[in-house]
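As C-alpha cells, the structure follows; a few thoughts come after it.
All of the numbers you see were taken from the coordinates with simple rules; none came from a lab. The structure presented is a predicted model; accordingly, all values stated were derived computationally and were not measured. Note that we place each Cβ from the backbone using ideal geometry, even for glycine, and neighbour counts take in every protein chain shown.
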Amino acid sequence: MVYKRIFIIPEAVNNMNFTFSEDLQMLRGLAREFTDGEVRPLARKIDEEEKIPNELIKKLANVGFFGTSFPEEFGGGGFGKVGYCIMMEEIARGCASTATMVGAHQSIGANAIYVGGSEELKKKYLPRLCSGEMISSFALTEPEAGSDTFNLKSEAKKKGDKWIEDLDNKCRYRKLNFSVCKNGERNNRIRS
C-alpha cells in the first residue's frame, strides 16, 4: 500500500526551532548523570522490594528533583512543564518506579496546591514540597472501587468549618495527603 501525505505542513512549522534552551539541556544532563549514577543501580532492588530507599529519596531532594517544575519563588527549579518532562524522561529511563513516585509527588500532589491552592497554602506547603522535606501522596484507590472515583465509599463530613475524612482504605502515608472523597451532603466529589 502506498501512503500519501494528506495535509500540508505550514511553512511556519518547518522553520520552528525545537532545540531546548541551555538551562533545559543542563537539566537533562544533570538528570541523566544522576539517574545513571544513583537510580539505575538500585532499579532491580526497588522493584523486587517494592520500596524506594530513603537514601535515594534524600538524594533526589538534594538535587532538586521534587520541585523542578515550580517557580523559584516557591523553592522550585523554575523549569516549568517542559523541564519536568525532561527530568521525568531521564529518571524513567533508569527506574519507572522512582519516576512514578517523583511524578506523583509533583504532578498530582504538589501541583494540586500550585494550581488550586490559596496563596497561604502555596507559601506554607510548596517550599517544603519542592525541597523534599515533605512528600505528597494522593489517596484514591479503595478495595471495592479501585480508582473509580464514582464508586468511592470514603466520605468527608463537615464538622464546624472543616472537612473531616472518613477513609475506609486507611491509605494515609507521609506528611501530606490529597484524597478524593464523597461529600454526603451534596454527593459531590471534593478534594482536601
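Summary table below
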quantity	calculated
Built amide H within the under 5 Å cut-off of residue 137, gap 5+	176, 177, 178
Likely footprinting exposure, 34, 150, fewest C-beta neighbours within 10 Å first	150, 34
Relative frequency of Cα-Cα separations exceeding 26 Å in region 21-133, percent	16 percent
